[in-house]
Amino acid sequence: MERDGEGHSGGMRFSSEGLMGELGHRLVTEGLLQADQLADYLSRSTLTGDSLDRLLLKDGVLTEAVLLPRLGEVAGIPFKTLAHYRVDPSITGRLPSRAAIKYKVVPISADSGSVTLATARVPSREVVDSLRLLLGGQVHFVLCVDAEVSRSLKHYYGLGADSLDEMIQTASATAVQETDLTEEGTDPGVLRFVNQLIAEAIRMEATDVHIEPFENRMRVRYRIDGVLQVIPVPKGIERLQKAIASAIKIMSQLNIAERRKPHDGRIKVRLGDNEFDLRVSILPTRYGETIDLRILNRSSMFIDLEHLGLKSHQIPIIESLSALPHGIVLITGPTGSGKTTTLYAALSRLNKEGVKIITAEDPIEYQMDGISQIQTHAQIGLTFSNILRSILRHNPDIVLVGEIRDTETAQIAVQAALTGHLVFSTLHTNDAPSAIVRLVDMGIEPYLVSSCLEGVIAQRLVRRVCSACREKVEPDPLILEEIARTYPERVKDAVFYQARSCPICNFSGYHGRVALFEMMVIDDDLRGMIAHQESSGQVRLKAMKNGLITLRQDGWSSVLDGVTTIEEVLRVAHRVEATTYLGARKGMGENA
């Protein structure tokens, strides 16, 4: 560090012992640090070469939110969050990736003759001079939290750029088209990149990692909150595609020499205190092997009902359905809509010593103490129907069937409900009334469906808009008119948001998901319609007259709460009541 703490233009000061000493005395004055602590840390700084701010953060004495604003005031550098900046990727391209990673700075704005850089620490004189030469002009800085800078580096310069840059350049100098890179699968740089790829996916709460080779590039995508997002990787990484595939095969104990056939394997990893299972699927394509890593958390944690996004009027409905002595309760929706999570959130309330619960699942996604869980195994004939038939001999109070896939499973589930069991299961239908048609199509008599079916819950997941970077927007007048028909009082003073992007939400504009529900409780009116084989459209209209809130209407409620965006609701909930069921409305007539 420089002993001279004075900086260049704009009153900024370089990192120096004097600057850190001044910071320390300010922390002592404000009561954030004891005088003897400061003396100890200054001595450690002299011995180790680490600056005072780094030592305090490393030991957890102060958080970045407390330390950086004060450091910025002492150094003459403003403390900002990157969520406030709209970063043009062309600006980041002015600084080579190797320099950006080495100095841990991200160009965020530029004007004539100067560039503003985001950093998590006050730079030294040497660093500033080097950046001036590289950028060809003046440089200014803003202080940001370390996590934002790290995420921005990965986003703009590519994941693994620090470990693969040299390897890519080495590979570029060789005739890669005819070189077998299989042996590079064990190269520390490639293994480090694969580990970083997995760790970053877990940190970003991704469910899948897709590594896809094409003719002149290799694409990496994470599925986050149900949507695929492209993850930037260093340029030229396609030259290491075979090495990356080999490294993953070695980790999952597969044959690295076989590239003509599909592979399936597993990898067990630990990150912090959590263990994860990775299901590996590798397929041969024209330009190399495409890889999918499915990430499964091995912990037994699951979400409670209150955290699913349920509105105040919806929780009593689920609780009343869960408390029934017998019958069938179905949750419908496409794959990945959170049906199993909702089922387990409901079961968690029923999991008591006086209640016997048995499940049949494929696969077992959540591990719950006190519940007997059975994994299907089609190769040995352990199917849903066979498991369900055997389960009933154990006389359980509650049965969960992962999915009703065929007529046999549906018939046994109905029989179980009629003989005094409460059966939970899932179906793949677009909305709640369609579940009735699906059961009838499976061969269940309508009078049996009307007798045993107690409720159907249709579900979708929408992404939560990032609260750090969201911005207000004026909605389309037609959409606003539609929302006002359902929630006329709430629309008057409502604020609508659209997504932007920032490091906090991994530049997607969204973070996390919340469920939308369409809850149809089967009452006497609906039972009569089901028994008389009325269409699903007519059943839906009757349910709406009786108070059914549709998926789309529930989505508008979440939009009015500021939880999600109009675009997200339109993505998952179509306006079926005005199109598909128009004929049903006419068929029911005036007295429907």
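The values are calculated or read from the model by the stated rules, or taken from the named source; none is laboratory data. Computed from a predicted model, the values in this text were never measured in an experiment. With ideal geometry, Cβ positions are generated from the backbone for all residues, glycine too; neighbour counts draw on all protein chains shown. Heavy atoms of the whole protein, side chains included, go into the accessibility calculation; ligands, DNA and RNA do not. Shrake-Rupley method; radii C 1.70, N 1.55, O 1.52, S 1.80 Å.
Once region 324-359 is narrowed to residues that are free of Cβ contacts under 8 Å to residues at least 24 places away in the same chain and open to solvent by 60 Å² or more (accessible area, probe 1.4 Å), the residue that is nearest to residue 306 (Cα to Cα) is 352. Hey, any hits in region 39-48 for a residue that's under 33 Å from the mean Cα position of the chain (by Cα), part of a helix (DSSP H, G or I) and of a type outside the set (Phe, Trp, Tyr)? No, the conditions are met nowhere in region 39-48. Can you name the residue in region 50-75 that is part of a helix (DSSP H, G or I) and β-branched (Val, Ile, Thr) and, of all such residues, is most open to solvent (accessible area, probe 1.4 Å)? Among those that are part of a helix (DSSP H, G or I) and β-branched (Val, Ile, Thr), it is 66. The residue that is modelled with the highest pLDDT, among those in region 8-24 that are more than 42 Å from the chain's Cα centre (by Cα) and open to solvent by 60 Å² or more (accessible area, probe 1.4 Å), is 22. Looking across region 239-271, the residues that are under 22 Å from residue 159 (Cα atoms), in contact with a helix residue (DSSP H, G or I) (Cβ under 9 Å, 6 or more places away or on another chain) and open to solvent by 20 Å² or more (accessible area, probe 1.4 Å) come down to 239, 242, 250, 251, 269, 271. Just to be sure, is residue 369 out of contact with any strand residue (DSSP E or B) (no Cβ under 9 Å at 6 or more places or on another chain) and touching a residue at least 40 places away in the same chain (Cβ under 8 Å)? When the stated conditions are applied, residue 369 passes them. If the condition is being assigned to a loop (DSSP other than H, G, I, E, B), more than 32 Å from the chain's Cα centre (by Cα) and of a type in the set (A, V, I, L, M), then region 443-472 contributes only 444. Condition test on residue 311, is it assigned to a loop (DSSP other than H, G, I, E, B) and either open to solvent by 60 Å² or more (accessible area, probe 1.4 Å) or without any contact (Cβ under 8 Å) to a residue 12 or more places away in the chain (or both)? Taking the combined requirement at face value, the residue does not satisfy it.
Contact map, region 204-222: residues that are farther than 19 Å from residue 505 by Cβ paired with residues that are assigned to a loop (DSSP other than H, G, I, E, B) and at pLDDT 90 or above, Cβ distance under 7 Å, separation 6+ or inter-chain. Pairs shown: 213/287; 214/287; 215/287. Looking across region 156-187 at every residue that is open to solvent by 60 Å² or more (accessible area, probe 1.4 Å) and either acidic (Asp, Glu) or at pLDDT 75 or above (or both), the one that is farthest from residue 293 (Cα to Cα) is identified as 178.
The rows are residues; the columns are (1) over 29 Å from the mean Cα position of the chain (by Cα); (2) assigned to a helix (DSSP H, G or I); (3) of a type in the set (Gly, Ala, Ser).
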| site | (1), (2), (3) |
| --- | --- |
| 77 | yes, no, no |
| 86 | no, no, no |
| 91 | no, yes, no |
| 100 | no, yes, yes |
| 108 | no, no, no |
| 115 | yes, no, no |
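The residues on offer are 136, 158, 76, and the sole one that is of a type outside the set (Val, Ile, Thr), without any contact (Cβ under 8 Å) to a residue 24 or more places away in the chain and on the phi > 0 side of the Ramachandran plot is 136.
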